[in-house]
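Read through the structure below, which is laid out as C-alpha cells, and then see the notes.
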Amino acid sequence: MSLIARNALRQSALRSRVLTQSRAFHGPYTPEHAVPFSFKSKSAFATKTASYLIVGFSIPFIAAVYQLRKSAGAAA
C-alpha cells in the first residue's frame, strides 16, 4: 500500500471519528436552545434589545460630537 493511500485512509478514519463524536454533543434544536439568550419574558427581552440597539447606534454620533467639540475647543 502506498504512502498516499495510507494517508488518505487515515484522514478518512479521523474525519468519521470526529463526525461521530461531534454528533453526540448536539442538543434539541428548538428556538429556546438555538439562541444564546433567554426570551421567556417578552417585555424584558424587548427592553434589553431596544437598549442594546439604541446604545450601539448612538455611539458613532456621540463620538463625532465629542471630536467636533474637542477640535473646536483647541482652535479657540
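The numbers here are math on the coordinates, done by the rules we state, and not lab data. On a predicted model such as this, the values are computed, not experimentally measured, just so you know.
Sequentially through the stretch 55-72, phi angles give Karplus couplings (6.51, -1.76, 1.60; θ = phi - 60°) of 5, x, 6, 7, 4, x, 5, 5, 5, 5, 4, 4, 5, 5, 5, 5, 6, 6 Hz, Gly and Pro residues having no value and appearing as x.
Taking 0.36 nm per residue of separation and subtracting the Cα-Cα distance, full extension of the segment from residue 45 to residue 58 would add 2.7 nm.
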